[in-house]
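Novice: Take a look at the following structure, please.
What follows is calculated from the coordinates using simple rules that are stated; it is not laboratory data. Note that the structure is a prediction, hence the values are computed from the model and not measured. Cβ coordinates were reconstructed from backbone atoms using ideal geometry, including for glycine residues, and neighbour counts include every protein chain displayed.
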Amino acid sequence: MVLELDRVTVSINNTPLFDPVTLRVEPGQVTTVMGPSGCGKSTLLAAIVGDLNPVFSLQGDVRLDDQSVLTLPMQRRRIGLLYQDDLLFPHMNVGQNLGFALASSLPRRERLARVEEYLALAGLEGYAERDVASLSGGQRARVSLLRTLMAEPRAVLLDEPFSKLDTAMRDQFRDWVFSTLQERAVPALQVTHDKEDCGDGPVYLIQEGRFA
């Protein structure tokens, strides 16, 4: 799966927030869009996923494997979005949070097996019955990403998901996220203002409308 942005920009009152963005994200690649806070990075992600505030208008095209997704409702785009906050459901345990991403038609035994399979990927074997409130920040972040991946997204958007972690956990979680996306050949677009989060992937400077 390849994610492409073709001269994408977002405007308010006919005034663009940033120069048109054109880029291509290959399977398993993490491309980073950088710029200072307030320059429109998160708004760009909202436009791609289909959750743009009606006060804004979108120009350009967003394609997955050469097919435009802009005419599709948000749920049919199958684009995962990982935020700064993990957004786990506090009234559900870990397994229930993960199971929320699975089709309700799956038999219970298969749902449980899938949950355990994904927990093992993150080194969280046996955590299905744990209360999410008992998890550390890094564990919550891993569960949040697992839930995103369990929905089998065609692409993943990362909205500064590492910013609230301490330095040691931030480096460890970032490396795990990038390697997991690479293993699953899922294209990912990350927005951040921190160079430490870029890894080895391409970096696009949103204010300048070019790759660094």
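Novice: When you have a sec, figure out the Kirkwood radius of the chain from all distinct Cα pair distances and drop it here in Å to one decimal?
Specialist: 17.8 Å
Novice: Tell me, in nm to one decimal, what length is gained between MET92 and SER11 on full extension, where the rule is 0.36 nm per residue of separation less the Cα-Cα distance?
Specialist: Result for the pair: 25.3 nm of gain on full extension.
Novice: Among all helices in the chain defined by DSSP H, which have a length of 18 Å or more along the axis from Cα atoms plus a Kyte-Doolittle mean of at least -0.5?
Specialist: The qualifying helices are 137-150.
Novice: May I pose another question? What FRET efficiency comes out for the pair ALA168/MET1, r = Cβ-Cβ distance, R0 = 25 Å, nearest 0.05?
Specialist: 0.15
Novice: For ARG24 and PHE56 in one chain, what is 0.36 nm times their gap in residues minus the Cα-Cα distance, to one decimal in nm?
Specialist: 9.2 nm
Novice: Quick one: what Rg and Dmax do you get for the range 162-204 from the alpha carbons, in Å?
Specialist: 10.5, 28
Novice: Let me ask another. Quote the charge dipole size of the range 1-156 about the Cα centre in Debye, to the nearest 20; the model charges only the Cβ of Lys and Arg (+1) and of Asp and Glu (-1).
Specialist: With Lys and Arg at +1 and Asp and Glu at -1, about 240 debye.
Novice: Using the crude model of +1 on Lys and Arg Cβ and -1 on Asp and Glu Cβ, and no other charge, please compute the dipole size for the range 68-206 relative to its Cα centre, in debye to 20.
Specialist: 640 debye
Novice: Turning to a different aspect of this structure: Taking Cα pairs under 8 Å and at least six residues apart, what relative contact order does the range 90-152 come out at, in percent?
Specialist: In percent, rounded to a whole number, it is 49.
Novice: Let me ask something else. Quote the Stokes-Einstein diffusion coefficient, in whole µm² s⁻¹, for the range 90-152, based on the Kirkwood radius over alpha carbon pairs, a temperature of 37 °C and a viscosity of 0.692 mPa s.
Specialist: Answer, rounded: 287 µm²/s.
Novice: Each residue of the range 191-201 in turn: what ³J(HN,Hα) in whole Hz from Karplus with 6.51, -1.76, 1.60 and θ = phi - 60°, glycine and Pro shown as x?
Specialist: Taking θ as phi minus 60°, the curve returns 10, 6, 10, 10, 4, 5, 8, 7, x, 9, x Hz for the range 191-201.
Novice: Once amide H atoms are placed 1.01 Å from N in the peptide plane, what residues at a sequence separation of 5 or more from LEU205, or on another chain, have their amide H within under 5 Å of its amide H?
Specialist: MET34, ARG210, PHE211, ALA212
Novice: If you don't mind, there's one more thing I want to ask. Note down the net charge around ASP86, summing +1 for each Lys or Arg and -1 for each Asp or Glu among other residues with Cβ under 10 Å from its Cβ.
Specialist: Here the count lands on +3.
Novice: Something else about it: Counting pairs of alpha carbon atoms under 8 Å apart in space and at least six apart in sequence, what relative contact order in percent does the chain give?
Specialist: The value is 33 percent.
Novice: Along the range 74-82, what does the Karplus equation 6.51 cos²θ - 1.76 cosθ + 1.60 (θ = phi - 60°) give for ³J(HN,Hα), rounded to whole Hz, x for Gly and Pro?
Specialist: In residue order, the calculated couplings are 3, 5, 8, 6, 6, 10, x, 9, 10 Hz.
Novice: Once phi is turned into ³J(HN,Hα) by the Karplus curve 6.51 cos²θ - 1.76 cosθ + 1.60 with θ = phi - 60°, what whole-Hz value does each residue of the range 3-12 show in order, with x for glycine and proline?
Specialist: Values, residue by residue: 9, 10, 10, 10, 6, 8, 9, 10, 10, 9 Hz.
Novice: Show me 148-157, 203-212, 19-28 ranked by packing, highest mean number of other Cβ atoms within 10 Å first.
Specialist: By packing density, highest mean first, the sequence is 148-157, 19-28, 203-212.
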